[in-house]
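Working notes, structure below.
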Amino acid sequence: MDFQGFFEEIFATSLLRSGFHILIILALAWIALKAAKKLSQGLVRFVARQKEDEEYQKRARTLGDIVRYVIVLAILAVASMTALKELGIDIGPVLAAAGIVGLAVGFGAQSLVKDIISGFFILLEDQIRVGDVVNVADKGGLVEKVGLRTTVLRDLHGNVHYVPNGTIAVVTNMTKEYSRYVFDIRVAYREDVDEVIEVIKGIDQEMRNDPEFKDDILESIEILGLDQFTTSAVVIKARTTTLPIKQWRVGREFNRRIKKKFDELNIEIPFPHVTLYMGEGKDGKSQPLSVVKDD
């Protein structure tokens, strides 16, 4: 019996069978990759149809790319491991080596991984968009870019801040859906508070009728009431609701009109006063005060 020919025939049959299986694996992987691409594109189109907002659609495309990237990696990993097994290669050591490499990379790139994961959830939850005004990681400004690794802000002075997403613990978004401006209006103790409140409401009505500001103001001003008694003034607190990022424009104009109207109606806007008390003697008379006049 020709053992050499017998073993060669078995080897050829096994190789042929393994090659056929590998071709099937590659074909299935190719189909899965195409399906993953179609799935991610369909997901992006579905999400993008929910809103016409361009920034919302950018966010949807970014998330779709991330989902496709993860699925592609998973498909390639499974296909590679299955093909190696078909070739008779023990994948146990390969998996162990990959695990060690992954662990080393994980320790060396903890900050990078944390930044990317945080950025993914910031995008997924729609916490920040380009054009918002936010405070993050002790920095504030207008959002110019939101990426997976960093968020870029530009402050009022024109300084650009690159904030790693992994350092963002709290996001304060001042322009989400709508904005508000809070007024602390100080008047003298002698003023009639009810009269002052009516004046404030009148100024608000004027601004809501002004073509330059009426589209920015969403609601009538909300008078929260007499809020504080301070050393030289009473404080009336109020707030107005505006379109996003318009609160400062509206607030500054409102303050300007308050000053002009109060001056017109002789309503005092107080400033800190100091009363100098010289004390009294036992006879009830005030102590003399010496005043020296410089020529």
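Read-outs throughout are calculated quantities, based only on the coordinates presented, and are distinct from any laboratory measurement. This structure is a prediction, so every number in the text was calculated from the model and none was measured.
Entry for segment 146-295 at q = 0.10, 0.11, 0.18, 0.21 Å⁻¹: log10 I(q)/I(0) = -0.59, -0.66, -1.08, -1.26, Debye formula applied to identical alpha-carbon scatterers, no solvent contribution.
For the pair GLU222 and LEU142 in one chain, pulling the backbone fully straight at 0.36 nm per residue adds 26.1 nm over the alpha carbon distance.
Beyond 26 Å in Cα-Cα separation lie the following of the pairs LYS214/LYS260; LYS34/LYS145; LYS214/LYS259; LYS139/LYS246; LYS34/LYS85; LYS114/LYS139: LYS34/LYS145. Note on segment 105-231: Rg/Rh from Cα positions, Kirkwood definition for Rh, rounded to two decimals, is 1.17.
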